[in-house]
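Trainee: Just dropping this structure here.
The values are calculated or read from the model by the stated rules, or taken from the named source; none is laboratory data. Small disclaimer: the values here were computed from a predicted structure and weren't measured. Note that we place each Cβ from the backbone using ideal geometry, even for glycine, and neighbour counts take in every protein chain shown.
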Amino acid sequence: MPRPTSTPSSTSAHTINMATSSPSTPNPAPPAGIPATTRPRSDNIDPSAYIAPSVGLPTTVSPSSLGDFKTCPRLYRFRHLEKIQEPPSEVMVRGSMVHDALDELFSQPPEKRSKEVLHDIFRAVWLKRRDKYLELFPSTEDQRAFGMAGLKLLSNYLKVETPAEQEPLMREFRMRVPFPDGPSVTGILDRVDLEPGSGEWVVVDYKTGKAPALKYSDAVNERIMNDKFFQLKVYALLLEQVKQRTPTRLKLIYLDGPTVMSMRLRREDLAETKTELLGLWERIVGAWKADSFPATPGKLCEWCSFKSICPAWNFTREEGGEVEGMKSVGGVEGDAWVAGRDAKGGVAQG
Ligand code: SF4
């Protein structure tokens with residue numbers, strides 16, 4: 001059984017419970033969809049070699065691609081329509097290995113789901129993949145620091161759940177559901193548990209970052225929580241179609257903390273999620289028809305793989321052609337800037 005959760009810190013209309021083993025701290029990591037690295041990523045793609053291609057309308061979306069579109073339509077175009085290859089980052093590699101280790105833990109019988117076994121699984125996963133990522137971890141110290149950080153996240157996991165008491169019905173479960181008059185929606189969920197006693201289905205997702213700090217007004221906190229749970233609500237919608245069964249609870253496990261956030265799922269949440277999903281799809285279709293995927297820069301750009309080719313950071317002004325760096329934070333509509341090469345040879349796309 002999961003450890004009991006504490007009183008919600010938000011007065012959201014939804015039932016949101018939070019359990020944390022340490023005080024909540026501001027979340028310094030970028031949101032889902034923007035890969036975090038330990039270094040700014042402005043030199044990842046050579047701007048002089050980049051010309052924005054024309055792109056087709058996608059036939060599938062996922063909660064993470066929709067999240068990218070919400071965060072920054074230009075990011076969505078780069079990543080999901082142009083499909084520009086992004087270099088791996090330390091955080092992405094660690095996240096993937098931690099997920100794999102937790103998945104493998106649950107293939108063990110309950111009595112073997114110990115900390116030692118979990119750490120051994122992580123070490124084995126690292127040994128298998130190490131050669132692939134040597135560029136990211138050139139020295140033994142780098143590798144050691146990387147490994148220790150992964151082991152810490154896994155130890156944190158054991159502070160908020162007792163894996164021997166969990167009964168996963170599904171793990172790493174892939175779904176793809178076509179929506180009439182819309183796209184196919186895909187998703188890979190981490191885990192679905194059968195709640196002992198009630199027999200309810202609980203959708204569980206691991207996050208290797210920190211939980212959001214709910215320190216704002218009730219309305220803002222509720223918006224943050226809705227954003228954070230959007231992915232799991234979409235999974236619940238897909239599960240309804242694929243398994244003809246509706247989960248009743250959603251659980252986010254933030255391993256950097258650690259913090260557990262859970263939410264009881266209501267019927268109206270599913271209806272709202274479907275409306276939001278189809279609304280986002282309409283916006284994507286509209287953006288594609290107009291070929292207008294505005295860049296919406298902010299502090300998260302430092303972690304964006306595409307900063308070196310992003311029009312918000314590489315542009316010339318229409319009047320006078322003065323070359324400037326990014327100065328304001330806010331939406332930059334594509335037609336507000338002219339396409340061309342800036343003084344450094346970078347391509348600015350309108
Ligand atoms: S650098 Fe910032 S504005 Fe540009 S695509 Fe990335 S997130 Fe969007």
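Trainee: Against the definition (hydrophobic (A, V, I, L, M, F, W, C) and surrounded by 19 or more Cβ atoms within 10 Å (Cβ to Cβ)), how does ALA164 come out, yes or no?
Mentor: Considered against the rule, which asks whether it is hydrophobic (A, V, I, L, M, F, W, C) and surrounded by 19 or more Cβ atoms within 10 Å (Cβ to Cβ), ALA164 comes out as no.
Trainee: Could you say whether any residue in region 111-126 is surrounded by fewer than 20 Cβ atoms within 10 Å (Cβ to Cβ) and polar (S, T, N, Q)?
Mentor: Among the residues of region 111-126, at least one is surrounded by fewer than 20 Cβ atoms within 10 Å (Cβ to Cβ) and polar (S, T, N, Q), which makes the answer yes.
Trainee: Related question: Within the set of pairs 6+ apart or on separate chains, which have a first residue in region 167-182 that is under 12 Å from THR60 (Cβ atoms), a second that is not in a strand (DSSP E or B), and C-beta atoms under 6 Å apart?
Mentor: What qualifies is MET175/LEU238; MET175/VAL242; VAL177/LEU238; VAL177/GLN241; GLY182/LEU278; GLY182/TRP281.
Trainee: Could I ask something else about it? Identify, by number, the condition in (1) hydrophobic (A, V, I, L, M, F, W, C); (2) modelled with pLDDT of 80 or more; (3) surrounded by fewer than 19 Cβ atoms within 10 Å (Cβ to Cβ); (4) over 19 Å from TRP313 (Cα atoms) that ALA49 doesn't meet.
Mentor: (4)
Trainee: With respect to the numbered conditions (1) modelled with pLDDT of 95 or more; (2) crowded, with 21+ Cβ neighbours inside 10 Å; (3) within 16 Å of the ligand (Cβ to nearest atom); (4) among the hydroxyl-bearing types (Ser, Thr, Tyr), which one is the sole condition not fulfilled by THR296?
Mentor: (2)
Trainee: Oh, and also: Could you pull out the residue among VAL192, VAL220 that is surrounded by fewer than 20 Cβ atoms within 10 Å (Cβ to Cβ), hydrophobic (A, V, I, L, M, F, W, C) and farther than 20 Å from VAL61 by Cα?
Mentor: VAL220
Trainee: From (1) surrounded by 23 or more Cβ atoms within 10 Å (Cβ to Cβ); (2) modelled with pLDDT of 95 or more; (3) in contact with a Lys or Arg (Cβ under 9 Å, 6 or more places away or on another chain), pick out the condition that doesn't hold for GLY257.
Mentor: With respect to (1) surrounded by 23 or more Cβ atoms within 10 Å (Cβ to Cβ); (2) modelled with pLDDT of 95 or more; (3) in contact with a Lys or Arg (Cβ under 9 Å, 6 or more places away or on another chain), GLY257 is out only on (2).
Trainee: Give the residues of region 132-178 that are part of a helix (DSSP H, G or I) and among the polar types (S, T, N, Q), sorted by residue number.
Mentor: Those that are part of a helix (DSSP H, G or I) and among the polar types (S, T, N, Q): THR140, GLN143, SER155, ASN156.
Trainee: Next question, about the same structure. With respect to THR273, is the statement that it is surrounded by fewer than 18 Cβ atoms within 10 Å (Cβ to Cβ), on the phi < 0 side of the Ramachandran plot, of a type in the set (Val, Ile, Thr) and not in a strand (DSSP E or B) true?
Mentor: Spelling it out, it is not the case that THR273 is surrounded by fewer than 18 Cβ atoms within 10 Å (Cβ to Cβ), on the phi < 0 side of the Ramachandran plot, of a type in the set (Val, Ile, Thr) and not in a strand (DSSP E or B).
Trainee: Within region 95-110, track down each residue that is surrounded by fewer than 19 Cβ atoms within 10 Å (Cβ to Cβ), within 16 Å of ALA149 (Cβ to Cβ) and touching a helix residue (DSSP H, G or I) at 6+ places or on another chain (Cβ under 6 Å).
Mentor: The one that is surrounded by fewer than 19 Cβ atoms within 10 Å (Cβ to Cβ), within 16 Å of ALA149 (Cβ to Cβ) and touching a helix residue (DSSP H, G or I) at 6+ places or on another chain (Cβ under 6 Å): ASP100.
Trainee: Right, another one. Does LYS207 satisfy being in a strand (DSSP E or B) and closer than 25 Å to GLN108 by Cβ?
Mentor: yes
Trainee: Can you name the number of the only condition in (1) at pLDDT 95 or above; (2) buried (at least 17 other Cβ atoms within 10 Å of the Cβ); (3) within 16 Å of the ligand (Cβ to nearest atom) that PRO311 fails?
Mentor: (1)
Trainee: Looking at region 286-311, I want the residues that are in contact (Cβ under 8 Å) with a residue 12 or more places away in the chain and of a type in the set (Gly, Ala, Ser) and have a partner that is near the ligand (Cβ under 8 Å from one of its atoms) and not in a helix (DSSP H, G or I) with Cβ atoms under 9 Å, at least 6 apart or on another chain. Which pairs are those?
Mentor: Listed by first residue and then by second, the contacts come to ALA295/CYS72; ALA295/CYS310; ALA295/PRO311; ALA295/ALA312; ALA295/TRP313; ALA295/VAL332; GLY298/CYS72; SER305/ILE34.
Trainee: Right, here's the next one. Picking from THR208, THR186, which residue would you name as being in contact with a His (Cβ under 9 Å, 6 or more places away or on another chain), surrounded by 13 or more Cβ atoms within 10 Å (Cβ to Cβ) and among the polar types (S, T, N, Q)?
Mentor: THR208
Trainee: Moving on to the next point. Here is a list of conditions, (1) surrounded by 13 or more Cβ atoms within 10 Å (Cβ to Cβ); (2) in a helix (DSSP H, G or I); (3) among the basic types (Lys, Arg), and LYS251 meets all of them except one; can you say which number that is?
Mentor: For LYS251, the exception is condition (2).
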